[in-house]
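See structure below.
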Amino acid sequence: MTPYDPQSKELKELEEMEEQQIEQELGRCPGPVDLWSSAIDRRGLFKVGMGGLLSLLLAQWLDPRMAYAQGPAPKAKACILLWMNGGPSQLDTWDPKPGTDTGGSFKAIPTRVKEVSICEHLPMLADQADHLAIIRSMTSREGNHQRAQYLMHTGYAPNPTVTHPSLGAWVSEELGSPQAELPDFVSISGPSFGAGFLGVQYGPLVVQNPNQLPQNVAFAPNVTPGRFEMRRSALDMLESDFAAQTRDNKVKGREAVYGRAIRMMRSPKLKAFDISEEPDAVKAAYGDSNFGRGCLMARRLVEAGVKFVEVVLDGWDTHQDNFNRTTKLMGALDPAMSTLIKELADRHLLDSTLILWMGEFGRTPKINPNEGRDHYPQAWSAALAGGGVRGGQAYGQTDAEGMKVVDKPVVVPDLFATIATLLGLDPSKSFMTPVGRPIAITEKGKPIRELIG
Amino acid sequence: MKWRYVGVWLLAATALLGMSRAQAQTRPALSPAWIDHLIRLEWHKQNIQPAPPVDDARFLRRAYLDILGTIPPPDVVTAFLADKSPNKRAKLIDTLLDDPRYANHWTDYWDNTLMGQKIGGQLVDRSAFREWLRQQFLQNTPWNKFVYNLISASGQNSTGGTYAKARGLMMPAETMQGAMQAQAGTGTTDSAPVNGAVNWTLKYAGNPQDLSGTVSKIFLGVQIQCAQCHDEKMDKKWKQEDFRRFTACFINTRPLQIDRGKVMGIRRVDVIDIQRPFLGGRKVAANNQQYAASPPVALDGTDFSDSPNRRQALAAWMTAPQNPWFAQAIVNRMWNHFLGRGFVERIDDFRASNPPVMPNLLKALADDFTASGYDLKHLIRLICATQVYQLSAAPAHNAEDPGNTLWERYRLKALSPEELLDSLVDATNLEPVLERVAGDRLERLKFAMRQQFTFLFDVDEEFEQKEFSGTIPQVLMLLNGNLVNRGVTPIPGTALSDILAAPGGDAGKIEALYLRTLSRKPTPAEIHRWVAFVNGRTEVAVTQESSPPAPTAPRRMLLARLPQGKKANRPNNGPDPLARFGRPGTLPEPTPRLQAYEDLFWALLNSSEFTFNH
């Protein structure tokens, strides 16, 4: 071990170097973002007890937020989250600043909406802009991938005392049904975030690859439906004996989950996961990418009654070579998202389906020496469409170089309150956590009326 | 040492004198009978009828799962059932405490509890941490020493090496290479021994507030971290100031790097304590300033400002016999592990507004644990010898008692991911097949399986599960997944193949399946039912094997796609590690009877009786 001498010059240098190192350790970005690493925390359950209920009711009466809840009746019955993993560059997508030092090489193109122009690499979305509400004034404080991903999935910064449910889990708990044949919450090409204290049953069913059915839904080799029935009858005998012996609720609870899994295996709706049924022209319209196929699967799942679908487009952590990489990413994003909007509209599902586009933060307006952009939570963009959103607008504004928000800043709790309101959920409805503290979908968030149509 | 025993006798004598006030005093040298007596009094007071005692087979299975984390092998079950000696249950507990798997199981338990599932960054060598844990449980390190060494740990984190190694994969060749590269890179010949315990400290490098919150929660059962953001509201006991002061105990600790510059894989560092605050990187320094500005003070007001090493001072304060929380926290945790519910519900949340049931028994157990020299095996022996641990999971009478807060019947506990995986592998006897298929990559295969299981089956053990909490993907894996479905086929060398090859009729084979899975003999009614089941089948079910590309791909190919390196961190990603073993060709021609046996085996593995500890 090196003896410690605080005066040593060598040590001073070492410390400086090391502090940078440790900063990296603390999540700055030690390498490619590991999409799956934050997935594994799915802890906790507990529902509100009667004691909590009373205080919640009181809290609601006294809550000034209730005033905001008056508005048009919510239309959205389902939600699709297009998750841009890594932190997408706002200046190269929704908030172009052509001709400035920070703007980069991309041009801006006009959209169907007057006064709103977006990046030249999103022409098909430009054509759907009348459906889009682009928020150019997102602002947050988390600049570390894991923490920011947690924030943008749950509405809360990570907190050592409690694991918050993700938006998908809230929706699954509030809008889902235990009788549904398909899971209420599906995540495609990424693990999303779990249900935290709401309980694992509200967590996502993860589809790793949009070209395949979810894992283990098909019968094992040499198991036919008939043979599966025989297996199940044998299992039922064992279960009823054990349930009779122990008379324990947990045995019944387990039976219910088995029932739901088997219902899903047998459901004709399972086909919603199989995009090969789609005509080639439709598949082509979404683009030849996993993200495109994921969006197509999301449309099929929403049609089949799934309440929340997350589709991940990974690769936005463009510290190097930002412009080539975002061009490629937008090549996947543009056809997929625009076709999704168009198809939902054609099928009269857009009004009842809320589409969210966001990542964990934006990227620095300043272009770094590697032609890259770094993490930037101060001022960034998100986009909403369908589901009762007032489309055809860009909300909020950044300054000429995109360094800061100059008009109508949107903080994360407000965004979540808006999303909740669009989905007909009460943003202030709380659940009791295991540590005995009620927690709502958002903390002090206010729905933004101008975004709701 | 001797004075302590004198004290014990004196206290015992006082205890006898004060017997009429049965629960009022502390009673070291606690006996199982005395614990049962206290609990029976409480049942009597509340008019509770306890469940009958559990039978030998179920007791054996329960003890195996609780102490070793897997189910007993069938021959152990038969031998235990045949054993006529009156003290065989006590002897069993002793045997299990001496089993090498004891250390593995408790390493899993504490690795999960302390490290959780997320591990990132270059500093944490999880293998080294696990190895440190394993040594503690192999040596049965006294709990006070264990906690002292963990909290005050300093020294080197790792011998270096790849991420794969640090994520829990032991790969000697790569480890060596990594260590050599690391040394070549720095030019040092440093060969200081590694102290794996520092990896836990390093998990929190730069985040002293998370470390202090965890220390207080896990080892003292005090949720001081609630006061991180605001004064704690429930009991108004902890103020933000208290939290900052407690956290200040960790602010002088820092990693000093051994490997400089760019390092692939684990960065070797030295964890040291210095005489001034370490604020961490630019992003966190501002936040850590508040802790640097606070004096280091323990929860009871003891000030460590003058201590040369704050962590050592804190660790000594925490583990001192006078500390009211220390022994109670671990006793409560262990009681929860064995009986499914602690005295304090939510095991690490001791506070006035969340009082324990039977506080005097909790205190007596804690005092006894302290008097035993913080001997975990002593505590386990004591708990397992009580009648309350040896009650049936089936209730005594028809009255439902959903509360069961006084352990009047044994609580069903869902197997942990590791317990379930190990039990499935043991029940199907897949290990030799895994070895054959994976060869020198067995560890990697097992690691991939473990990742998959912990991802799918993770539940929070820290508070009682009142209802079953399970997910559709978990169930689908047991219904249709490869582990169970390949495991129930008669691949040569596995359970069903051996059972079918053994001489004897169907009754004997059905009994063998029961012994392997449920660790008990079937009842005559069950034998009758299943004999009819295996003989009642007339047709063979055959499906086209939906062949993934190239079913004849060489083994190397499929194993080459197992998670490696950094990707090993990705759960449930990529191909199922068991996707193709037991391919057609190694299996006998299916017959109706054979398939019926597979189906019975499958049902047993899917049953609640298998997947719960009961």
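Just so you know, all these numbers are worked out from the coordinates, no wet-lab data involved. None of the values given here were measured: they were computed from a predicted structure. Cβ coordinates were reconstructed from backbone atoms using ideal geometry, including for glycine residues, and neighbour counts include every protein chain displayed.
Data overview
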| read-out | value |
| --- | --- |
| Cross-link pairs beyond the 22 Å C-alpha cut-off, checked among A:K307/A:K444; B:K145/B:K236; B:K91/B:K377; A:K408/A:K446; A:K250/B:K521 | A:K307/A:K444; B:K145/B:K236; A:K250/B:K521 |
| Whether the range A:303-453 is rounded, prolate or oblate, judged on the alpha carbon gyration tensor where a/c under 1.5 counts as rounded | oblate |
| Summed residue charge, Cβ within 12 Å of A:V309's Cβ, Lys/Arg positive, Asp/Glu negative | 0 |
| Global geometry of the range A:131-176, whether rounded, prolate or oblate, following the gyration tensor of its Cα atoms and the 1.5 cut on a/c | oblate |
| Positive-end residue of A:S233, A:V251, A:M265, charge dipole of the range A:216-269 with Cβ unit charges | A:M265 |
| For the range B:288-447, the spread of Cα positions along each principal axis, largest first, Å | 60, 53, 31 |
| Cα gyration tensor, the range A:216-269 - rounded (a/c under 1.5), prolate or oblate | oblate |
| Fewest-first sequence of A:D95, A:D399, B:D375, A:D317 by Cβ atoms within 10 Å of each Cβ | A:D399, B:D375, A:D317, A:D95 |
| Sum of side-chain charges, B:V222 neighbourhood, beta-carbon under 12 Å (Lys, Arg +1; Asp, Glu -1) | -3 |
| Average beta carbon contacts from partner chains per residue of A:206-216, 10 Å cutoff | 4 |
| Set A:K75/A:K283; B:K45/B:K413; A:K269/A:K328 screened for pairs whose C-alpha atoms are more than 31 Å apart | A:K269/A:K328 |
| Cut-off 20 Å (backbone N to label point 7 Å along Cα→Cβ of B:T523), residues of the range B:29-56 | B:51-56 |
| B:D306 paired with A:T100, simple spin-label distance in nm, labels 7 Å along Cα-to-beta-carbon | 6.0 |
| Directionally averaged projected area (convex hull, Cα atoms, the range A:154-199), nm² | 3.7 |
| Burial ordering of B:I48, B:I347, fewest other beta-carbon atoms within 10 Å first | B:I48, B:I347 |
